[in-house]
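S.K.: First the structure, which I've put down as structure tokens, then a few questions once you've had a look.
The values are calculated or read from the model by the stated rules, or taken from the named source; none is laboratory data. Quantities reported herein were computed from a predicted structural model and do not represent experimental measurements. For neighbour counting, all protein chains shown are included, and Cβ atoms are generated from backbone atoms with ideal geometry for every residue, glycine included.
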Amino acid sequence: MTHPLDRYLRPGMIPHIWCPGCGNGIILNAFLRAVDELGLDQDEIVVVSGIGCMGRVSGYVNMDGFHTTHGRAIPVAIGIKTARPELKVVVISGDGDLFAIGGNHFLHAARRNVDLLVICANNFNYGMTGGQMGPTTPSKAYTTTTPYGNIEHPLNLVYLAASLGAVYIARWCVTHPLQLKESIKRGLTKRGFSFIEVVTPCVTEYGRRNRMGEPREFMRRLREICVIRRGVDPSEAVIEADRIICGEFRDVDKPEFTQLLWNMIREVSEKASRGEIEVAL
Amino acid sequence: MSRRLDVLTGVHFVQGDIACAEGAIAAGCRFFAGYPITPSSEIAQHMAVRLPQVGGIYLQMEDEIASIAAVIGASWAGLKAMTATSGPGFSLMQENIGYAYMTETPCVIVDVMRGGPSTGQPTKPGQQDVMQAKWGSHGDYEVIALSPASVQEMFDLTIEAFNLSETYRCPVILLADEVIGHLREKLIIPEAEEIEVVERRRPEDLEGYKPFQPGEDLVPPMARLGEGFRLYITGLTHDEAGRPRASSPEAQGRLVRRLCDKIRLNRHRIVKFEEHYLEDAEIVVIAYGLPYRSALPAVEEARRRGIRAGIYRPITLWPQAEERLREIGERAHRVIVLEMNYGQMLREYQRWIDPDRIVFSPSFGEAIPTPEGVLGLIKRCMR
């Protein structure tokens, strides 16, 4: 039996490790369809991921895949992108990987406006390690490390990305597969630091402890609370237990890091070879 | 013929850190990512000036973790890549250094050692990271680490570090110290044609290529990203194709053995040392890096005074010439070990040399061993 997206899946790596009811497969599906519809050469894309459930995605794509250490997908991606600007470099990872252990790298990559597309699967907890609290876990939610309810305040990833100057920012739920696919297409063609957050159900860990129900029930609830709005300011892109504003929040242009870097390198190296700057010790 | 911008042939008077940066560029390094830290910052500063001149990339990252991560990414993108730091930054890099060993990523890490632990003495020399260089990351792996003792060697051994790294597809660590890094002395940069530069072996064709399938030397050829190989690079235990084998004891044994054996079994090709006056030496001084510079004149002075003293200096700290050190230990009455720490390499020497014959002289901070001090030690051993 074949699937129309089979050529984008690495032979020998499927079935994936994701639980029944997990939304990560929908995100992967949307990404592969976006690549397919744009007609991109899959040999010119590098998918970089960190550690965690979503971190496994770099092994499932039939493209160059980089499964880095925990939290370090973005700086590895920067090394690749600056060295080979002609490649499309996509970071796909989870909320804990990108925003707890890897938060500092997100901050500086967005600030620099490096031409990367970062897709964050936000499932509100650490799924792979057994459902612990993370930086996006809603207040009062139950996890294996907040057995009496979460006393911390979660990050709003959209608002954070906006404060850092990301040029394209969107949030979707896996209940919006078509919008997500179109948004990934926009992110893949946008020059600069693009960020897409995707709310996704972790049935096995988060859902079980927070009475989200069996997979269909969890999906139905997400569809109710995740509402799409146009023209909302990132500061008002709320993400709460009973209401999540989705949509595109920013699409602007500004000078991109890799291009500025290579403009400088070309200018300096040409001047140096013409003897216009002193090369000496 | 137009002048080479990457090899600044001639006689110079420069700092060790600058010589290191020039050695890297001469070796073909075209990517540097780093974070400011004393006493290695001059390497980054010089790379920021020089790399764009030769078409290379300098990046200042947000921390040392990001620096080594970017270096790993750039190496797989096909560039020779390097970072430079000191103790605190070297500590932060350890997890990704282990990842680089696991994924067989060639790169060079320079640690200009200062006094520790912790923030310690940023502007003073130390040799307190030599065991960290070997055991700093978790898991089993074998490392290559080099110890320069002069500005010239900051240049020469940085080139050597890149060559070893490309040959064995692994990180190579240059363990300098604050004094060697900041010292100014003569540097001779030879003609470009006289410098041996090694490039990593690349796969011959796309068909059937497995990124972790070794050749006879136990080293797999290395493809780069974006060439259609559809590489999968993971820190998980993997098979020859790169596929995770996180639960297979066979895969774990096969991979870890090979990662270690490619260094162990090639040790005779990697190990470097120098020795003087050992033929009839009754007293042998073992010293590396900065203390070697005080020990050599002390040994020469002892010889002038009729004392049969000799000196041995490991240039590769990892691995070392165990067989040679055993021979030395069997022949000498006394072996003096000098280190700017409280006994790290000492424990290695105690495994190869009768510990009762070893006299250990540690030093810290500014109390660098002097030639007079070492001569005094030698004379005391004669009694």
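S.K.: If you scan the stretch B:50-67, which residues turn out to be more than 9 Å from every other protein chain (Cβ to nearest Cβ) and surrounded by fewer than 18 Cβ atoms within 10 Å (Cβ to Cβ)?
M.R.: Within the stretch B:50-67, B:GLN60 is the sole residue that qualifies.
Each row is one residue, and each column tells you yes or no for (1) in contact (Cβ under 8 Å) with a residue 40 or more places away in the chain; (2) facing chain B (nearest Cβ under 9 Å).
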{"residue": "A:ASN24", "(1), (2)": "yes, no"}
{"residue": "A:ASN29", "(1), (2)": "yes, no"}
{"residue": "A:GLU37", "(1), (2)": "yes, no"}
{"residue": "A:ILE51", "(1), (2)": "yes, yes"}
{"residue": "A:MET54", "(1), (2)": "yes, no"}
{"residue": "A:ASN62", "(1), (2)": "yes, yes"}
{"residue": "A:PHE66", "(1), (2)": "no, yes"}
{"residue": "A:HIS70", "(1), (2)": "no, yes"}
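S.K.: Considering only residues that are part of a loop (DSSP other than H, G, I, E, B) and more than 7 Å from every other protein chain (Cβ to nearest Cβ), look in the stretch A:77-88 and name the one that is nearest to B:GLY73 (Cα to Cα).
M.R.: Within the stretch A:77-88, the subset part of a loop (DSSP other than H, G, I, E, B) is A:84-87.
Narrowing further to those that are more than 7 Å from every other protein chain (Cβ to nearest Cβ): A:85-86.
Values: A:PRO85: 13, A:GLU86: 15 Å.
Of everything passing the filter in the stretch A:77-88, A:PRO85 is nearest to B:GLY73 (Cα to Cα).
S.K.: Looking at the structure I just gave you, is A:ILE74 more than 7 Å from every other protein chain (Cβ to nearest Cβ) and crowded, with 24+ Cβ neighbours inside 10 Å?
M.R.: yes
S.K.: Right, next: Which one of B:ILE37, B:ILE18 is more than 11 Å from chain A (Cβ to nearest Cβ) and not small (Gly, Ala, Ser)? Before the answer, list the steps.
M.R.: Working: B:ILE18 fails: more than 11 Å from chain A (Cβ to nearest Cβ).
Sole residue among the options that is more than 11 Å from chain A (Cβ to nearest Cβ) and not small (Gly, Ala, Ser): B:ILE37.
S.K.: Checking the structure you have, find out if any residue of the stretch B:10-23 is closer than 27 Å to A:ALA77 by Cβ, surrounded by 17 or more Cβ atoms within 10 Å (Cβ to Cβ) and of a type in the set (A, V, I, L, M, F, W, C). Step through it out loud before you land on a result.
M.R.: Step one: list which residues in the stretch B:10-23 are closer than 27 Å to A:ALA77 by Cβ, which gives B:21.
Remaining after also requiring surrounded by 17 or more Cβ atoms within 10 Å (Cβ to Cβ): B:21.
Pick out the ones that are also of a type in the set (A, V, I, L, M, F, W, C) and you get B:21.
Yes, the stretch B:10-23 has at least one match.
S.K.: Would you mention how many residues in the stretch B:72-96 are more than 10 Å from chain A (Cβ to nearest Cβ) and not small (Gly, Ala, Ser)? Before the answer, list the steps.
M.R.: Taking the stretch B:72-96 and keeping what is more than 10 Å from chain A (Cβ to nearest Cβ), we get B:80, B:82-94.
Add one more test, that the residue is not small (Gly, Ala, Ser), and what stays is B:80, B:82-83, B:85, B:88, B:90, B:92-94.
Matching residues across the stretch B:72-96 total 9.
S.K.: Next question, about the same structure. For the stretch A:90-104, indicate whether the set of residues that are among the small types (Gly, Ala, Ser), in a strand (DSSP E or B) and either more than 8 Å from chain B (Cβ to nearest Cβ) or crowded, with 24+ Cβ neighbours inside 10 Å (or both) is non-empty.
M.R.: Yes, because at least one residue in the stretch A:90-104 is among the small types (Gly, Ala, Ser), in a strand (DSSP E or B) and either more than 8 Å from chain B (Cβ to nearest Cβ) or crowded, with 24+ Cβ neighbours inside 10 Å (or both).
S.K.: Just to confirm my filter: which strands (runs of 3 or more DSSP E) fall fully inside the stretch B:96-204 and include at least 3 residues that are under 17 Å from the mean Cα position of the chain (by Cα)?
M.R.: Values: elements: B:107-115, B:121-125, B:144-146, B:171-177, B:184-189.
In the stretch B:96-204, B:107-115, B:144-146, B:171-177 are the strands (runs of 3 or more DSSP E) which contain 3 or more residues that are under 17 Å from the mean Cα position of the chain (by Cα).
S.K.: Kindly indicate whether B:GLY373 is among the small types (Gly, Ala, Ser) and either in a loop (DSSP other than H, G, I, E, B) or surrounded by fewer than 21 Cβ atoms within 10 Å (Cβ to Cβ) (or both). First the steps, then the outcome.
M.R.: Details: among the small types (Gly, Ala, Ser): yes; either in a loop (DSSP other than H, G, I, E, B) or surrounded by fewer than 21 Cβ atoms within 10 Å (Cβ to Cβ) (or both): yes.
For B:GLY373, the condition - among the small types (Gly, Ala, Ser) and either in a loop (DSSP other than H, G, I, E, B) or surrounded by fewer than 21 Cβ atoms within 10 Å (Cβ to Cβ) (or both) - is met.
S.K.: Tell me the residue from B:LEU236, B:LEU231, B:LEU218, B:LEU225 that is over 19 Å from B:CYS107 (Cα atoms) and among the aliphatic types (A, V, I, L, M), please. First the steps, then the outcome.
M.R.: On the way: B:LEU231 fails: over 19 Å from B:CYS107 (Cα atoms); B:LEU218 fails: over 19 Å from B:CYS107 (Cα atoms); B:LEU225 fails: over 19 Å from B:CYS107 (Cα atoms).
Every option except B:LEU236 fails the conditions.
S.K.: Could you check how many residues of the stretch B:227-259 are more than 9 Å from chain A (Cβ to nearest Cβ) and farther than 17 Å from A:SER49 by Cα?
M.R.: Initially, the stretch B:227-259 is screened for residues more than 9 Å from chain A (Cβ to nearest Cβ), giving B:237-240, B:245-259.
Next cut, farther than 17 Å from A:SER49 by Cα only: B:239-240, B:245-259.
So the count comes out to 17.
S.K.: Taking the options B:LYS262, B:LYS210, name whichever one is within 13 Å of chain A (Cβ to nearest Cβ), in contact with an Asp or Glu (Cβ under 9 Å, 6 or more places away or on another chain) and not in a strand (DSSP E or B).
M.R.: Working: B:LYS262 fails: within 13 Å of chain A (Cβ to nearest Cβ).
Only one candidate passes the filter, namely B:LYS210.
S.K.: Given (1) more than 14 Å from chain A (Cβ to nearest Cβ); (2) in contact with a strand residue (DSSP E or B) (Cβ under 8 Å, 6 or more places away or on another chain); (3) in a loop (DSSP other than H, G, I, E, B), where does B:LEU218 come up short, assuming only one miss?
M.R.: Unmet condition: (2).
S.K.: For B:GLU166, indicate whether it is surrounded by fewer than 19 Cβ atoms within 10 Å (Cβ to Cβ) and of a type in the set (Asp, Glu).
M.R.: No; evaluated as a whole, the condition is false for this residue.
S.K.: Looking only at the stretch B:174-186, decide whether some residue is assigned by TED's automatic domain parsing to the domain that holds B:ILE18, touching a residue at least 12 places away in the same chain (Cβ under 8 Å), small (Gly, Ala, Ser) and farther than 17 Å from B:MET93 by Cβ. If you could, list the steps in order and put the result at the bottom.
M.R.: Taking the stretch B:174-186 as the starting set, the residues that turn out to be assigned by TED's automatic domain parsing to the domain that holds B:ILE18 are B:174-186.
Adding the requirement that they be touching a residue at least 12 places away in the same chain (Cβ under 8 Å) leaves B:174-186.
Going one step further and asking which of them are small (Gly, Ala, Ser), we end up with B:176, B:181.
Adding the requirement that they be farther than 17 Å from B:MET93 by Cβ leaves B:181.
Yes: the stretch B:174-186 contains one or more residues that are assigned by TED's automatic domain parsing to the domain that holds B:ILE18, touching a residue at least 12 places away in the same chain (Cβ under 8 Å), small (Gly, Ala, Ser) and farther than 17 Å from B:MET93 by Cβ.
S.K.: Does B:GLY289 fit the bill of being buried (at least 20 other Cβ atoms within 10 Å of the Cβ) and within 21 Å of the chain's Cα centre (by Cα)?
M.R.: Working: buried (at least 20 other Cβ atoms within 10 Å of the Cβ): yes; within 21 Å of the chain's Cα centre (by Cα): yes.
It is true that B:GLY289 is buried (at least 20 other Cβ atoms within 10 Å of the Cβ) and within 21 Å of the chain's Cα centre (by Cα).
S.K.: Still on this structure: Sort through A:VAL238, A:VAL227 and tell me the only one that's farther than 18 Å from A:MET133 by Cα, at pLDDT 95 or above and out of contact with any Gly (no Cβ under 9 Å at 6 or more places or on another chain). If you could, list the steps in order and put the result at the bottom.
M.R.: Numbers: A:VAL227 fails: out of contact with any Gly (no Cβ under 9 Å at 6 or more places or on another chain).
When all the criteria are applied, what remains is A:VAL238.
S.K.: When you go through (1) outside any strand (DSSP E or B); (2) within 30 Å of B:ALA241 (Cα to Cα); (3) within 12 Å of the chain's Cα centre (by Cα); (4) of a type outside the set (D, E, K, R) one by one for A:HIS70, which number turns out not to apply?
M.R.: Unmet condition: (3).
S.K.: The conditions are (1) touching a strand residue (DSSP E or B) at 6+ places or on another chain (Cβ under 9 Å); (2) under 28 Å from A:VAL89 (Cβ atoms); (3) among the aliphatic types (A, V, I, L, M); (4) within 11 Å of another protein chain (Cβ to nearest Cβ), and B:ALA44 fails exactly one of them. Which is it?
M.R.: All conditions are met except number (4).
S.K.: Residues that are within 30 Å of B:GLY120 (Cβ to Cβ): which strands (runs of 3 or more DSSP E) entirely in the stretch B:281-360 hold 3 or more of them? Full working, then the answer.
M.R.: Working: elements: B:283-286, B:309-314, B:316-318, B:334-339.
Answer list for the stretch B:281-360: B:309-314, B:316-318, B:334-339.
S.K.: Would you check if A:THR129 is surrounded by fewer than 24 Cβ atoms within 10 Å (Cβ to Cβ), more than 28 Å from A:LYS88 (Cα to Cα), in contact with a helix residue (DSSP H, G or I) (Cβ under 7 Å, 6 or more places away or on another chain) and among the polar types (S, T, N, Q)? Lay out the reasoning, then the answer.
M.R.: Numbers: surrounded by fewer than 24 Cβ atoms within 10 Å (Cβ to Cβ): yes; more than 28 Å from A:LYS88 (Cα to Cα): yes; in contact with a helix residue (DSSP H, G or I) (Cβ under 7 Å, 6 or more places away or on another chain): no; among the polar types (S, T, N, Q): yes.
Judged against the criteria, A:THR129 is not a match.
S.K.: Still on this structure: Name the strands (runs of 3 or more DSSP E) wholly within the stretch A:166-281 that hold at least 2 residues that are over 30 Å from B:ARG50 (Cβ atoms), within 17 Å of the chain's Cα centre (by Cα) and more than 14 Å from chain B (Cβ to nearest Cβ)?
M.R.: On the way: elements: A:168-173, A:194-199, A:226-228, A:243-251.
Those strands (runs of 3 or more DSSP E) span A:168-173, A:194-199, A:243-251.
S.K.: How about the stretch B:324-356: which of its residues are surrounded by 17 or more Cβ atoms within 10 Å (Cβ to Cβ), of a type in the set (D, E, K, R) and out of contact with any Asp or Glu (no Cβ under 8 Å at 6 or more places or on another chain)?
M.R.: Selection gives B:GLU339, B:GLU348.
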